[in-house]
Amino acid sequence: MPVELVVARTDLIDAATFLRLRAGLPADRRERCDAYYVEHDRHASALTFALLQWLWQERHGAGPMPHVERAANGKPRFVGAAGFEFNLSHDARACVCAVASVPIGVDVQSRVSFDDALFERIAAPAELALRERFRRLGDLAWLWSRKEAVVKQSGVGLRAPLQSIDALTESGLVSFAVDGIDAVISVSVDGAVNDGFLGCCRVRLIEPIKPVNEMMSSVVWRERVLLPVPLQAAGL
């Protein structure tokens, strides 16, 4: 099943671009964005939602995007837009938005240094046998990202114990890297089969273009198609 995914680098968002992004947010999202204490988090919040707006407009034109609400389980969804499922994620390096016609979860995760206590808290029973391999790798990003994508797709969020999710055998789940983003990206799609799934994903990087006129109120984007490189247990 087709999956559209757009990714953007948070470090490319300067103060002027942030103000343009913020101006295009609906009031409730603007309030949520402003609530972040750290400037970087405000930029990431505005950029992530802008990716969703960009994908909606690409598919549906310049008309207004439906209101986004949170279901009882906290998962964001459109009001009155059946068949357009989405999910958002951001971390210190990148922001990601993924859309599909069925429930989808996405997570982007830069390096997570190996820690025994953290590993014990998130590893499923079958994954415990890989402790020494993860220790040598020194990074839990692959494991964490895959579990996050699954719980976000299901809508249960982090209320679900991560030990209950086996990232090695979960179906409809892929992890990959893309050029220019030093992070693991994982996507979980309801009902998908792992074999060949990545071939159904179109991944693009979008970057803000410096405006020729500083009075421009909206952000202009440049897009580039990316080749996702599959990550199988992050080198394990």
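What tally of residues in segment 120-157 results from selecting those that are more than 27 Å from Ala98 (Cβ to Cβ) and either open to solvent by 70 Å² or more (accessible area, probe 1.4 Å) or of a type in the set (A, V, I, L, M, F, W, C) (or both)? Before you say what the answer is, go through the steps one by one.
Of all residues in segment 120-157, those more than 27 Å from Ala98 (Cβ to Cβ) come to 120, 125, 128-129, 131-133, 135-136, 138.
Still in the running and either open to solvent by 70 Å² or more (accessible area, probe 1.4 Å) or of a type in the set (A, V, I, L, M, F, W, C) (or both): 120, 125, 128-129, 132-133, 135-136.
The total comes to 8.
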If I filter segment 128-150 for residues that are more than 25 Å from Asp11 (Cβ to Cβ), assigned to a loop (DSSP other than H, G, I, E, B) and of a type in the set (A, V, I, L, M, F, W, C), do I get at least one hit? no
Which one is modelled with the lowest pLDDT among residues in segment 194-226 that are β-branched (Val, Ile, Thr) and open to solvent by 90 Å² or more (accessible area, probe 1.4 Å)? Val212
Working only within segment 167-188, note down all residues that are open to solvent by less than 30 Å² (accessible area, probe 1.4 Å) and either touching a helix residue (DSSP H, G or I) at 6+ places or on another chain (Cβ under 8 Å) or polar (S, T, N, Q) (or both). Ala167, Gly172, Leu173, Val174, Ser175, Phe176, Ala183, Val184, Ile185, Ser186, Val187, Ser188
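State the number of residues belonging to segment 111-127 that are among the basic types (Lys, Arg) and assigned to a loop (DSSP other than H, G, I, E, B). Before the answer, list the steps.
Kept after step one, since they are among the basic types (Lys, Arg), are these residues of segment 111-127: 111, 121.
Next, from what is left, pick out any that are assigned to a loop (DSSP other than H, G, I, E, B): 111.
Total meeting the criteria: 1.
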Is there a residue in segment 54-72 that is outside any loop (DSSP other than H, G, I, E, B), open to solvent by less than 50 Å² (accessible area, probe 1.4 Å) and farther than 17 Å from Val6 by Cα? yes
Can you find even one residue in segment 79-93 that is at pLDDT 90 or above, open to solvent by 30 Å² or more (accessible area, probe 1.4 Å) and outside any strand (DSSP E or B)? no
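Could you please let me know if Glu4 is assigned to a helix (DSSP H, G or I) and surrounded by fewer than 21 Cβ atoms within 10 Å (Cβ to Cβ)? Break it down stepwise before answering.
Numbers: assigned to a helix (DSSP H, G or I): no; surrounded by fewer than 21 Cβ atoms within 10 Å (Cβ to Cβ): yes.
No.
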Could you look through segment 166-208, keep only residues that are free of Cβ contacts under 8 Å to residues at least 40 places away in the same chain and among the aliphatic types (A, V, I, L, M), and pick out the one that is farthest from Asp14 (Cα to Cα)? Val193
With the requirement that a residue be open to solvent by less than 20 Å² (accessible area, probe 1.4 Å) and either among the β-branched types (Val, Ile, Thr) or under 23 Å from Arg224 (Cα atoms) (or both), what does segment 19-42 give you? Leu21
Just one of (1) hydrophobic (A, V, I, L, M, F, W, C); (2) touching a helix residue (DSSP H, G or I) at 6+ places or on another chain (Cβ under 6 Å); (3) open to solvent by less than 10 Å² (accessible area, probe 1.4 Å) trips up Ala160, so point out which. (3)
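The values are calculated or read from the model by the stated rules, or taken from the named source; none is laboratory data. Being a predicted model, the structure only gives us computed values, none of them experimental. Ideal geometry is used to build each Cβ from the backbone, glycine not excepted, and the neighbour counts take in all protein chains shown. What goes into the accessible areas is simple: the full protein's heavy atoms, side chains included, and nothing from ligands, DNA or RNA. Shrake-Rupley method; radii C 1.70, N 1.55, O 1.52, S 1.80 Å.
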